[in-house]
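Comments concern the structure below.
The values are calculated or read from the model by the stated rules, or taken from the named source; none is laboratory data. Values in this document were obtained by computation on a predicted structure and should not be read as measured data. Positions of Cβ are generated from backbone atoms using ideal geometry, with glycine treated the same way; all protein chains shown enter the neighbour counts.
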């Protein structure tokens, strides 16, 4: 009992000293709690469906940020990993009769393999050349899928997959917990020593090599990690929608993920996640005015990019928080002195 | 005379029709500091890039501690103990200065060596302290002045604990006072210090430089390149009086 109260008090202290001091951390905390308690207030299947799809696409958008934002390997064909994840899970489920808990991770491993296959020829390419090459891969896979309709279902795709869980509510909890865990893992990776090397590769690859780092290994690692998380989201999508179709590999899918990431702010992980939770429900909401839907959507994105070129969330963060000029710790904007080193903030 | 440390033999590199390095041979000992000079376009930087594996030679061998390293990957060469700095500094501009050095500290060679109980950050801080910019560790690299960027390059190179350090124009773009300071640091580095445990005697160096006055004070030997070939190799006194060297630098009338 004493132990329990010790940990309780300790977590309260951490909460007070580390979380409540910064608006961005409070916002993340509120987001997590809201996601977890929301079904207590409403269990409308339509709402849950939107949130489930948002969670799935949030993993997808964050995985693009990990590969293209952090490591600078501009990938305009990220739908490839999503599609491979979805199709692998579907094939394993329908032909291999594997349950979702096995087919989704195996599908993600399929996406990792694809990441390596795509990554190896892309190692020599940079910038625009890399972007254009990656754009081609999902289109190639789409061609293969149409070529063997007996296995892949051709244009109709593979349908009739088993459900994720028995009910919509459990689907919701499963996807949102996987989303929260995946994003936390991705954030932790970018915050680690590996993350520093990813950043450095984006800045200047030659200088990283001259520092004694095997850049090939790290770039392939970035492709595999990006592929893994995108594959997980693809598998979840296939099992939730109970279909894996060619739409998962479409060019629009690859570009949507770039729009989400740029809207929310790249090189953040939390930016793309937040962006999906704003833009995906917004697009659903605009369904009420179908003729203006895409136009309004484009307008929102253009306005954000015009006034907040770094993305929505970094902009808000910079408004609410300032960095201490001395110790570089972030503080609430209204503070006069740094909360750690007491240097004046101006 | 070939030595066990670094021996370059018959090294050549062409860029299209241009012969950047033609049949260059030299060798150096473990404790030497060599100055590599020559007019612009003589092939000095190309020679350094061939040794570090950034460029692949067309022919010839580079033996480092009895292993042929010609054409090996840059990171393998750095792993064997050769580090280099870049003439046009290449910092990771959007990263804090300490993170710039941490990348080097995360290389397999640096992870294996040095005081293993120390954290990567502490090791990086040591290198920054040695280079004299530890007070700015948390600033972004883009905020640094030219002189400090040169120091960052040096910090990044020594963080891998090299046995051979290749410095490409360490005084380039520095004020006289900054040059003086940098020259002192380089001397101190060669003498060795508390940085690193295994190479307390300091790395051997090849320094490419145009500021000859400062260079003369540091180096024990000078190699002169012109049009990709070695035209002189000897002590600083011999080289500055060499007729061919004066001709290469000042033209026919200067002799």
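In table form, for the structure just shown:
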| quantity | calculated |
| --- | --- |
| Residue among B:53, B:79, B:43 that is in contact with a helix residue (DSSP H, G or I) (Cβ under 6 Å, 6 or more places away or on another chain) and buried (at least 20 other Cβ atoms within 10 Å of the Cβ) | B:53 |
| Test: residue in the range A:215-226 that is touching a helix residue (DSSP H, G or I) at 6+ places or on another chain (Cβ under 9 Å) and over 29 Å from residue B:142 (Cα atoms) | yes |
| Top-ranked residue in the range A:188-227 [being surrounded by 24 or more Cβ atoms within 10 Å (Cβ to Cβ) and more than 10 Å from every other protein chain (Cβ to nearest Cβ); ranked as nearest to residue B:103 (Cα to Cα)] | A:198 |
| Criterion: part of a helix (DSSP H, G or I) and without any contact (Cβ under 8 Å) to a residue 24 or more places away in the chain - qualifying residue of A:145, A:151, A:117 | A:117 |
| Helices (runs of 4 or more DSSP H) lying entirely in the range B:33-109 (those with 3 or more residues that are in contact with a strand residue (DSSP E or B) (Cβ under 7 Å, 6 or more places away or on another chain) and within 14 Å of chain A (Cβ to nearest Cβ)) | B:44-52 |
| Entirely in the range A:244-342, the helices (runs of 4 or more DSSP H) that have 2 or more residues that are outside the structural domain of residue A:78 (by TED's automatic domain parsing) and without any contact (Cβ under 8 Å) to a residue 24 or more places away in the chain | A:312-320 |
| The range B:126-141 - residue that is part of a helix (DSSP H, G or I) and either under 20 Å from residue A:329 (Cβ atoms) or in contact with a helix residue (DSSP H, G or I) (Cβ under 7 Å, 6 or more places away or on another chain) (or both) and, of those, nearest to the other protein chains (Cβ to nearest Cβ) | B:141 |
| Lone unmet requirement of (1) within 14 Å of chain B (Cβ to nearest Cβ); (2) buried (at least 22 other Cβ atoms within 10 Å of the Cβ) for residue A:158 | (1) |
| Number of positions in the range A:72-94 that are surrounded by 24 or more Cβ atoms within 10 Å (Cβ to Cβ) and not in a loop (DSSP other than H, G, I, E, B) | 13 |
| Test result for residue B:123, in contact (Cβ under 8 Å) with a residue 12 or more places away in the chain, more than 9 Å from every other protein chain (Cβ to nearest Cβ), within 20 Å of the chain's Cα centre (by Cα) and surrounded by 15 or more Cβ atoms within 10 Å (Cβ to Cβ) | no |
| Lone unmet requirement of (1) surrounded by fewer than 17 Cβ atoms within 10 Å (Cβ to Cβ); (2) assigned to a helix (DSSP H, G or I); (3) without any contact (Cβ under 8 Å) to a residue 60 or more places away in the chain; (4) touching a helix residue (DSSP H, G or I) at 6+ places or on another chain (Cβ under 9 Å) for residue A:106 | (1) |
| Enumeration of residues in the range B:145-162 that are within 14 Å of chain A (Cβ to nearest Cβ) and part of a loop (DSSP other than H, G, I, E, B) | B:159, B:160, B:161, B:162 |
| Residue list for the range B:163-192, restricted to those being within 20 Å of residue B:214 (Cα to Cα) and assigned to a loop (DSSP other than H, G, I, E, B) | B:169, B:170, B:171, B:172, B:173, B:174, B:175, B:192 |
